[in-house]
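The values are calculated or read from the model by the stated rules, or taken from the named source; none is laboratory data. On a predicted model such as this, the values are computed, not experimentally measured, just so you know. A quick note on method: Cβ atoms are made from the backbone with ideal geometry, for glycine too, and the neighbour counts reach across all protein chains shown. The area values use the complete protein model at the heavy-atom level, side chains included, leaving out ligands, DNA and RNA. Shrake-Rupley method; radii C 1.70, N 1.55, O 1.52, S 1.80 Å.
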Amino acid sequence: MIRRRTLLYRAMALGLISPLTACDFDDPMHPDLADKFLSAMSRWNDMVQAALFNPHTLAPSFRPDQITRPPRFNAFYDISQAPIVSPATWRLALSGQIADKRPWGLDELLALPQESQITQLTCVEGWRTIGQWSGVRLSAFLRRVGADLSCRYVGFQCADGYYTSIDMASALHPQTILALTFLGAPLTPPFGAPLRLRIPTKLGFKNPKSVVALSVTNHYPGGYWEDQGYNWFSGS
């Protein structure tokens, strides 16, 4: 069934591409034709990826000896500019379709059951790194605060000004966690202290660091890179 569905979507995608032969991207009367087409194709890609996403399929796990050392830093700023957030005063703000919007402190999150994983982070630039993360399963946290799981999006705001959002099916995936530790120790500022999203079924830029706010909504929240043209779903 999955193979037949995949072939169907590929055929439909080719059907969308075929009108290109009749389009003149240099037409001075339609200077933004290419941008409009690429935006439409990006939305199409998001729809196809979402349709093919299986919430029960796990991303590969790795052995401890396969962990990348030293770990690789990546952000839209230099490592020296990584935000320093005080664990003692940090709070995770909640908004949107959530019954209990009380902010959560770090100690409260650490008191919840913790999940650990050794998974691969895949960057949109092409490189990959394997790390060990531990934290609270996002699905359990959303249920704990009474989030409306029928909503379409979960959005994240970060201390460094970054923001992104994911679909609810991916948020409920068993490997999606609110990570609190990295390589067996509390997160450090370059790697997202005090809390980051770890979602191995998506590309690296969908793993926001230094998260300070979480929202559940049916209104499209966008994202830092997504609003600049990156595919929103971005499954890896």
Added length on full extension, which subtracts the Cα-Cα distance from 0.36 nm per residue, residue 80 to residue 228: 50.8 nm
Carbon/sulfur accessible area of region 104-203, % of total, 1.4 Å probe, equals 51
Pairwise centroid distance, computed over Cα atoms, of region 156-222 with region 77-98, Å: 11
Using the alpha carbons of region 96-165, what is the convex hull volume per residue in cubic angstrom, as a whole number? 135
Could you tell me which of rounded, prolate or oblate describes region 172-222, using a ≥ b ≥ c as the square roots of the eigenvalues of the alpha-carbon gyration tensor, with rounded for a/c under 1.5 and, failing that, prolate when a/b is larger than b/c and oblate otherwise? prolate
Mean Cβ-within-10 Å packing, highest first, puts peptides 72-83, 157-168 in the order 157-168, 72-83
First check a/c for region 60-228, with a ≥ b ≥ c the square roots of the eigenvalues of its C-alpha gyration tensor; if it is under 1.5, answer rounded, and if not, answer prolate when a/b is larger than b/c or oblate otherwise. rounded
Give me the 1.4 Å probe accessible area per residue for region 60-228, excluding ligands and nucleic acids, in Å². 45
